[in-house]
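> Provided herewith is a single structure, encoded as structure tokens, for subsequent inquiry.
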Amino acid sequence: MPHEKRRSLRARMITLVLVPSTALLALWAGMTTVMVLEIDELRTTAALTEEIGGPVVDVVGRLQRERRATMDTASPTQQSVVHLALAREDTDEAVNLLRRRMDDFVAEDLPAQALGLRRLLDGLDDHRDRVDALPRTRRTPLVAGAYYDQVIETGLRFWDGQVARAHPEQTPHLRSLTSLMRTRELLNQQDTVVAHAVAVDAFTADDHARFSAAVGAQEYLWDRVGAELSEADLREYVRVNSYSGLATLHLLQDTIVGRPPGQDDTVPVNAPSWRGAAEAVDLRMREAEQARMESVAALSHEHAAGLTRVVMSTSVLVLLAALASTAVAVVGTQRVGVRLQELRTLTLEHARVRLPEVTARLRAGGSVDVDAEVPRLRVERRDEIGEVAEAFNDAQRAAVTAAVEEAQVRAGVRAMFRNLARRTQSLVHRQLGLLDSLERGETDPEVLSSLFRIDHFSTQMRRNAENLVLLSGDAPVRAGLGPVGLHEAVRAAASEIEDYTRVRVLEVPGVWLRGEVGAGTVRLLAELLENAAAFSPPETMVTVRGRCEGPRGYVLEVEDRGLGMTGEQRAAANALLADPPRFDLARMREDSHLGLFVAATIAVRHGFGVHLEPNGAEGTRAVVVIPSEALTEPEEGRTPEETGPHTRPAAVAAPVAEPDPPAGEPDGDTYMGLPRRRGRRSRSAAVSGDAHGGRGPGGVAGETGGQRSLSEIRSMMSAFQSGTLRGRAGSGGGEGAGDARGARPGEETEG
């Protein structure tokens, strides 16, 4: 499994189903949201038009009248002052209504123009105070009327903002409404100029310019109002445009505009006529303006209601379709998922329980009925899932059949290995018996040396045959072996390798091993010694030493001075020694360590602990832990150094290092006042070493470089043969002292 947890196939199938369903639901949600926002925008526009737009128009109209009344007070009369006070009261009433309406809305929902209008209206009282403080002659449209112009313009911009926020279908209606409002404002600006001129009885060039500009802008906007109206709304425009008062107003405007500026400072028209015509046209425009506002509000509500109906019908249908498709897809996926889950459970049970059990039984040598052990999965439908189940049935049957055939092949190979190993053992035993006969009857030293080398090679062949028996699964057990001294087991193991002369045995505890444990110990140590000698320089020694570990048992250490092993190699070897797998020819390679596999198998069989560790700066140390349960009591009258069948002749056995006598001891054959015990080989080697310049007791025979005398070789061979005969007689497991070789160190007999 990767570090991320994989989702199940069922979950992925549901995901694949839910993705398009979720996308459809998301599309529905997006479409509905857009429509709802549009509806909300329409309702907000309608609410602003009704709740805020109307009061804004009312405030604009009241400010226009207050502006004109302010211009009338340029020539103070009792009537003009009263009219200004009444106009201001009307304006305050309209402003208060607008503020209350704006307070009913959230500040975020109000357009910026409405908020700006409220801020300007907050300065209305201050402007009135400034106007009242001005001299009458300075209450001009440019000075006193500028504030009113700014506030009115801000109110008209509120409606411009409504045009920008309106639905495209409402935009023409609102645009015509704002054009109508600006037309009224331009007419009121003209009336303000005329009112001020009448009050001061003077019509200056500046008044003429402002009046002419307002007239031109009014005519342009009035034509635009008619162009932007629909056929249904055009009737109202025609009614206002055909009004006789509008013709009179146009005539008076032409009169004022047509008079050249600067000829006469008097008002060019009759003041009552102008005022009557201006008020009549303004009233008609206000009526048209109010009708247009009501039409826009009704259109907003109608459009919002229609859009709501569309949203409800469309969104509900889409939602139902999305939910239905999702439900159908999920239910279908659930059914497929249940079948897949059932198939998964059954296949996993077969793959993880039944097949391993069958394989383990076959590896253990048992028999298997394929039909009984591998039942076929139930197939309900012949669809893709059913075909997968059928394919798994065929696959598992083929796997079990192949496992049965493989087990049969392995059993045949193991039987063949066992048969060949036993035959090889028999031939080697006969060969060793023949060599014994030849060695007893030969007196030529050179021939004896050659016979002994052949004897040594035969011993190695015997060990290889025993390893084949072990790897084939059989248990090579020596018949009739008695207790074996640990010291002699080490010497016997050393005698079974080719480079036996390089083995140096140091101190070894004088304990005894059970007969079958002793044979396994010899074989295990022989493999370790052979590896140590093979992977170290030929001029170096392989050292064996032992010590007691208390309740843990006894420890033997085999050390070499070779190149050593890398950390990975040592870890792999220790893993093999700790838990050897079942021997499988299919896993064997050319570089496989069969010696370590044999050693590990023997160690596990007898409860030994074996591991490898570095030997200082170079080389490797093999540590063998022998448990206390493998030890026994010696046979009566025998010591570990007098076990005949485990002793090699002095010419081949590894020397045993003995401690040097303490300083001050006079006698070299005693140690701490006690006689020093030496074996025949040690004394013989000491004599030979002294005579020929050899190593002495601590050396290895054959390394002196000198030639042994005939008498020495005869004595050596005689001692070896005598010890061999005593060992056969003592073990009781030989085939006779006169005509067969009998059991040798590390040797098995046919069982």
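> Once you have a ≥ b ≥ c as the square roots of the Cα gyration tensor eigenvalues for segment 99-241, tell me rounded if a/c is under 1.5, and otherwise prolate or oblate according to whether a/b is larger than b/c.
oblate
> Percent relative contact order of segment 174-288, based on C-alpha pairs within less than 8 angstrom and at least six residues apart?
Relative contact order, segment 174-288: 39 percent.
> How high is the relative contact order of segment 323-419, in percent, with contacts defined as C-alpha pairs under 8 Å that are six or more residues apart?
28
Quick note: the coordinates plus some simple rules give every number you see, no bench work behind them. Since the structure is predicted, the reported quantities are computational estimates derived from the model, not experimental observations.
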